[in-house]
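The values are calculated or read from the model by the stated rules, or taken from the named source; none is laboratory data. Predicted model only: the values in this text are computed from it and were never measured. Here Cβ is always computed from backbone atoms with ideal geometry, including for glycine, and neighbour counts include all displayed protein chains.
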Amino acid sequence: MTAGKVDFTGVQSTMLVTLFLRALDAKEREPILGDRFAAEAVDRIEYDWTNLDKPIITRTRFTVTLRARQFDDWTTDFLHRNPDATVLQLACGLDSRAFRLDLPAGVHWFDVDMPDVMELRRKLYHETDDYRMIAASVTDETWLGEIPADKPVLIIVEGLLMYLRETEVRQLLRRLTDHFRTGELIFDGVAPWAAKTTQLLKKYLSRWYDYPAYWTATRDGSDIERWNSRLRYRDDVALMAQYERVPDPNKRRFYRAGSRFDWFKNFLRAFRADF
Ligand SMILES: C[S@@+](CC[C@H](N)C(=O)[O-])C[C@H]1O[C@@H](n2cnc3c(N)ncnc32)[C@H](O)[C@@H]1O
C-alpha cells in the first residue's frame with residue numbers, strides 16, 4: 001500500500017532528507033544504522049526522490065546516520081538502566097527508533113511532530129497500547145498534558161533545537177522539566193559558525209524558497225545549564241569524530257582528516273543532560 005503523494009516545505013521538508021539518507025544507508029552492505037523501516041517508507045511514499053539524490057545532499061548521509069546511531073545507543077543505555085520508563089521523542093519525523101530498537105516490555109513511547117508530518121506518519125506506522133503519536137508543535141502548550149509524568153523519562157530531540165529560537169528552546173525545556181520529575185535529555189547541537197552560515201544562506205535563498213536556517217547553536221555543555229538551571233550537562237559526542245563507524249574507506253579517511261580540525265569535528269555534536 002502506498003502512503004500517497006507528499007509535498008512539504010520549510011523545516012518539515014528536512015525529515016524527508018533524513019529519511020532518504022537512512023534509506024540509502026539501509027541498502028549498504030555494511031550499514032551504520034541498518035534502518036529497514038526507512039527503506040520501506042521511501043518505497044511507499046510518492047515523492048520524486050531524485051530531488052534528494054544529489055551529491056550535495058547524499059554527501060551528508062554519514063552525519064545523519066552517525067547521529068541516529070549515537071541516539072540509538074544512548075536510548076538503549078537509558079532503557080537498560082530504566083526498563084520501566086517513558087520515552088518522549090520530539091520532532092520524530094518519520095524516524096523508526098521506537099520499532100528498530102529492542103524495547104523492554106515496560107516502556108511507553110510517545111512520538112511528537114507537526115500535524116502535517118503526523119498525518120503522513122500515521123499512514124506508515126500504527127499506534128499500540130505502548131506506542132502513541134501526537135500531532136502538535138512542540139511550542140504549543142497543551143500536548144504535554146497527555147503524557148504521564150510518573151516515570152523517569154528519556155526526552156529525545158534529534159534535528160530540532162537548532163531550528164528553534166533560543167527563547168523557544170528555553171520555554172520548551174522549562175515546560176519539560178516542570179512536567180517530569182526526573183529523566184535525561186538527548187539532543188544534537190550545531191556549532192555557532194554553522195548557524196551563522198545558514199542564516200546568511202537564508203537571506204540569500206529566501207527569494208526562492210523557505211530555506212530552514214539554524215537559529216540556536218550549542219557552544220558546549222554550559223549552554224544547556226544556562227538554558228535551564230534544572231538540567232545538568234553530562235557528556236557529548238562529536239559526531240564527525242565517530243569515523244571508525246563509516247564503512248567506506250575513502251569517506252572514513254576524509255572524516256578522520258577533517259576531525260583534526262575543531263571547527264569540522266564540532267560541527268554537529270550529540271549532547272546528554274539529566275535532571
Ligand atoms: C531534521 S527533521 C528530523 C526528523 C527526525 N528526528 C529524524 O531524525 O529523521 C526536523 C523535524 O522537526 C520537526 N519540527 C520542526 N519544528 C517543529 C515543531 N515546532 N514542533 C514539532 N516538530 C517540529 C519537522 O516537522 C521535522 O520532522
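Would you tally the residues in the range 124-138 being within 9 Å of the ligand (Cβ to nearest atom) and either within 16 Å of the chain's Cα centre (by Cα) or loosely packed, with under 14 Cβ neighbours inside 10 Å (or both)?
Within the range 124-138, residues that are within 9 Å of the ligand (Cβ to nearest atom) and either within 16 Å of the chain's Cα centre (by Cα) or loosely packed, with under 14 Cβ neighbours inside 10 Å (or both) number 2.
Select from the range 105-114 the residues that are in a loop (DSSP other than H, G, I, E, B) and more than 9 Å from the ligand (Cβ to nearest atom) and write down the one among them that is modelled with the lowest pLDDT.
First, pick out the residues of the range 105-114 that are in a loop (DSSP other than H, G, I, E, B): 105-107, 114.
Restricting the remaining residues to those that are more than 9 Å from the ligand (Cβ to nearest atom) gives 105-107.
On the way: A105: 95, G106: 92, V107: 98.
For the range 105-114, the residue satisfying everything is G106.
If the requirement is being surrounded by fewer than 22 Cβ atoms within 10 Å (Cβ to Cβ) and more than 21 Å from P212 (Cβ to Cβ), which of these qualifies: D7, D102, D48? Even if it seems obvious, please write down each step before you answer.
Values: D7 fails: more than 21 Å from P212 (Cβ to Cβ); D48 fails: more than 21 Å from P212 (Cβ to Cβ).
Of the residues listed, the single one that is surrounded by fewer than 22 Cβ atoms within 10 Å (Cβ to Cβ) and more than 21 Å from P212 (Cβ to Cβ) is D102.
Are there any pairs, at least 6 apart or on different chains, whose C-beta atoms fall under 7 Å, with the first in the range 145-165 and more than 9 Å from the ligand (Cβ to nearest atom) and the second basic (K, R), and if so, which?
The qualifying pairs are A149/R181.
Quick check on the range 114-123: of everything there that is in contact with a Ser or Thr (Cβ under 9 Å, 6 or more places away or on another chain) and in contact (Cβ under 8 Å) with a residue 40 or more places away in the chain, which residue is surrounded by the most Cβ atoms within 10 Å (Cβ to Cβ)?
Within the range 114-123, the first condition is being in contact with a Ser or Thr (Cβ under 9 Å, 6 or more places away or on another chain), and the residues that meet it are 114-115, 123.
The next check asks that each one be in contact (Cβ under 8 Å) with a residue 40 or more places away in the chain; those that pass are 114, 123.
Numbers: M114: 18, K123: 15.
That would be M114.
Of (1) aliphatic (A, V, I, L, M); (2) within 14 Å of the ligand (Cβ to nearest atom); (3) closer than 26 Å to L268 by Cα, I45 satisfies all except one. Which?
Exception for I45: condition (3).
Can you name the residue in the range 76-98 that is part of a loop (DSSP other than H, G, I, E, B) and within 16 Å of the ligand (Cβ to nearest atom) and, of all such residues, is surrounded by the fewest Cβ atoms within 10 Å (Cβ to Cβ)? First the steps, then the outcome.
Quick first cut of the range 76-98, residues part of a loop (DSSP other than H, G, I, E, B) only: 82-85, 91-96.
Narrowing the set further to residues that are within 16 Å of the ligand (Cβ to nearest atom) leaves 91-96.
Working: A91: 25, C92: 27, G93: 24, L94: 25, D95: 27, S96: 22.
Looking at the filtered set, the residue picked out is S96.
May I ask you to list the residues in the range 178-216 that are part of a loop (DSSP other than H, G, I, E, B), more than 27 Å from R232 (Cβ to Cβ) and under 21 Å from the mean Cα position of the chain (by Cα)? Spell out the reasoning first.
Within the range 178-216, the subset part of a loop (DSSP other than H, G, I, E, B) is 180-182, 191, 206-216.
With the extra rule that they be more than 27 Å from R232 (Cβ to Cβ), the set shrinks to 206-213.
Within the range 178-216, D210, Y211, P212, A213 meet the criteria.
When you look at A213, is it crowded, with 16+ Cβ neighbours inside 10 Å and in contact with a Gly (Cβ under 9 Å, 6 or more places away or on another chain), yes or no? Break it down stepwise before answering.
Details: crowded, with 16+ Cβ neighbours inside 10 Å: yes; in contact with a Gly (Cβ under 9 Å, 6 or more places away or on another chain): no.
No, not satisfied.
Go through D102, D25 for me and flag whichever is assigned to a loop (DSSP other than H, G, I, E, B), charged (D, E, K, R), modelled with pLDDT of 95 or more and more than 10 Å from the ligand (Cβ to nearest atom).
Selected residue: D102, the only one of D102, D25 that is assigned to a loop (DSSP other than H, G, I, E, B), charged (D, E, K, R), modelled with pLDDT of 95 or more and more than 10 Å from the ligand (Cβ to nearest atom).
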